[in-house]
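Q: Let me begin by handing over the structure; questions about it come next.
Where a number appears in this text, it was derived from the coordinates with a stated rule and is not lab data. On a predicted model such as this, the values are computed, not experimentally measured, just so you know. Cβ sites come from the backbone with ideal geometry, for glycine too, and all protein chains shown count toward neighbours.
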Amino acid sequence: MGLSKTIWASPSEYLRVVKPVDPVMFFAPSVLQDTARVFLDGFPGMVTYAVKSNPDEMVIQNLVAAGVQGFDVASPAEIAMIARLAPAAAMHYHNPVRARHEIAYAVSMGVKSYSVDSRSELAKLIELVPAEGTEISVRFKLPVAGAAYNFGAKFGATVELAVELLRKVADAGFIPSLTFHPGTQCTDPMAWDAYLRAAADICRMSEVKARRLNVGGGFPSHRLHGEVPQLEAIFALIARVADEAFDGAPPALVCEPGRGIVAESFVLAACIKGLRDDEHVFLNDGTYGSLDELPITGIIDRIIAVSPAGEARKGEIRPRVIFGPTCDSVDRLPGEVDLPADLQEGDYLLFSGMGAYSTATNTQFNGFGALSIATVMRLTD
């Protein structure tokens, strides 16, 4: 991926001047910093950024500039990057399953916060990690609906096992804490309600007071026209329910948003390489590239079509099937997408809200995957 050193006014200006033949991701640092401050000002606790959602160095640097002081890391590579770019920041190593050499590396880098969801992994941590001043958060799961996909299918202890693990963490001399993840793109605030009350139950049943409670990520980004995320309402619910569930003395709260912070600061421009019989739209990017997530989480309908001159197409809207550039038939966006009828080959489709799980999951399958990143002052004209 190449980063343009020029700062452009907007995506339209770039498209008019450069006329790129490969996909372009437009990044607006001001949007990223503004969104980060929404979390920093509104969430009732510590905000850590989930590096996996977009690990680009310029993203990390802008988050540090905005005031983010903690990062959720899931691998030695992410630990090394945060240690280099944000040496004063806290690192929470919350991938619940780690190899012994990965744990040893984290210890050598001064990591003081880990998560766990099984007896076997807790035994590893007790063996390899010095207990003094180190937090171990027990990750638990509930059968809660409302997310785009269920993180509990891979990680999380049952409530009963979480009770046992929390006791063992405390008995081993570590700082006992709890963590959960309600699922990605969680638009139902009541998911946090159920988890917070379950966390309080785990503390009561284990007779262990959790020092901190990490409410995970899952904070939604703006994907659909009719569904604007109500982050402030979610923050308020978390604060209120935590206070209620823990009888006015809740643990210190932590969150680890990725998508919710970074998504809105990027717009993807993909060029129409072909209109097959004026029915099927073929793009130079697809599900093996920056649009990898869409078959799982659903379409982003915040799409505009612009000509090579940067002018918006305004024809009558009609549904189209969109394919990516590879010779694989699954390289297709879900369903049909409403697009202007006056589309032309060489036009660009601009997808808003593309900062999360796009550049990080882009592949080189079938010889495609070239992607440039351009910095812009604003994402709209």
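Q: Give me the distance in nm between label points sitting 7 Å out from Cα along the Cα-to-Cβ direction at residue 18 and residue 222, one decimal.
A: Result: 2.3 nm between the two label points.
Q: Sticking with this one: Round to the nearest 10 and give me the degree value, 0 to 90, for the angle of helix 190-206's Cα axis relative to the longest principal axis of the chain.
A: Taking Cα atoms only, the helix is inclined about 20 degrees.
Q: Nearest 0.05, what FRET efficiency do residue 314 and residue 204 give at R0 = 41 Å with Cβ-Cβ as r?
A: For residue 314 and residue 204, the calculated efficiency is 0.10.
Q: Please sort 174-186, 232-244, 192-204 by packing, taking for each peptide the average over its residues of neighbouring beta carbons within 10 angstrom, highest first.
A: Ranking the peptides 174-186, 232-244, 192-204 by packing returns 174-186, 192-204, 232-244.
Q: Over segment 29-137, what is the mean sequence separation of C-alpha contacts under 8 Å (at least six apart), divided by residue count, expressed as relative contact order in percent?
A: 20 percent
Q: Can you give the FRET efficiency for residue 364 and residue 5, using 1/(1 + (r/R0)^6), R0 = 25 Å, r = Cβ-Cβ distance, to the nearest 0.05?
A: Between residue 364 and residue 5 the formula returns 0.55.
Q: Run the simple label-point estimate for residue 278 and residue 101 please: 7 Å along Cα→C-beta, distance reported in nm.
A: 6.0 nm
Q: Label segment 30-262 by shape, choosing from rounded, prolate and oblate, from the square roots a ≥ b ≥ c of the eigenvalues of the Cα gyration tensor; if a/c is under 1.5 it is rounded, and otherwise prolate applies when a/b is larger than b/c, oblate when it is not.
A: Note, shape of segment 30-262 comes out oblate.
Q: With viscosity set to 1.567 mPa s and temperature to 4 °C, compute the Stokes-Einstein D of segment 19-149, Rh being the Kirkwood radius across alpha carbon pairs; µm²/s, no decimals.
A: The estimated diffusion coefficient comes to 79 µm²/s.
Q: Could you work out how far helix 159-171 tilts from the main Cα principal axis of the chain, as a 0 to 90 degree angle to the nearest 10?
A: The angle comes out near 60 degrees.
Q: Turning to a different aspect of this structure: Using only Cα atoms, locate the centre of segment 167-197 and the centre of segment 36-66, then give the distance between them in Å, rounded to an integer.
A: A separation of 20 Å, based on Cα centres.
Q: Between residue 190 and residue 37, what length comes free when the chain is fully extended (0.36 nm per residue of separation minus the Cα-Cα distance, one decimal in nm)?
A: 52.7 nm
Q: Measuring from label point to label point, each 7 Å out along Cα→Cβ, what is the residue 232 to residue 85 span in nm?
A: Modelled inter-label distance: 3.0 nm.
Q: Give the angle, between 0 and 90 degrees and rounded to the nearest 10, that separates the Cα long axis of helix 29-42 from the longest principal axis of the Cα atoms of the chain.
A: Approximately 30 degrees, to the nearest 10.
Q: Which of 124/154; 154/273; 154/209; 19/154; 5/273 have a Cα-Cα distance over 31 Å?
A: Over 31 Å apart, Cα to Cα: 154/273; 19/154.
Q: Taking the alpha-carbon distance from residue 141 and a cut-off under 17 Å, which aspartates and glutamates remain once sequence neighbours fewer than 8 residues away in the same chain are dropped?
A: The qualifying aspartates and glutamates are 117, 121, 160, 164, 188, 193, 201, 256.
Q: Let me ask another. Taking only DSSP H segments of four or more residues, each worth -39500 (n - 2.57), what value at 222 nm results for the chain once the sum is divided by all its residues, to the nearest 500 deg cm²/dmol?
A: Helix-only estimate at 222 nm: -9000 deg cm²/dmol.
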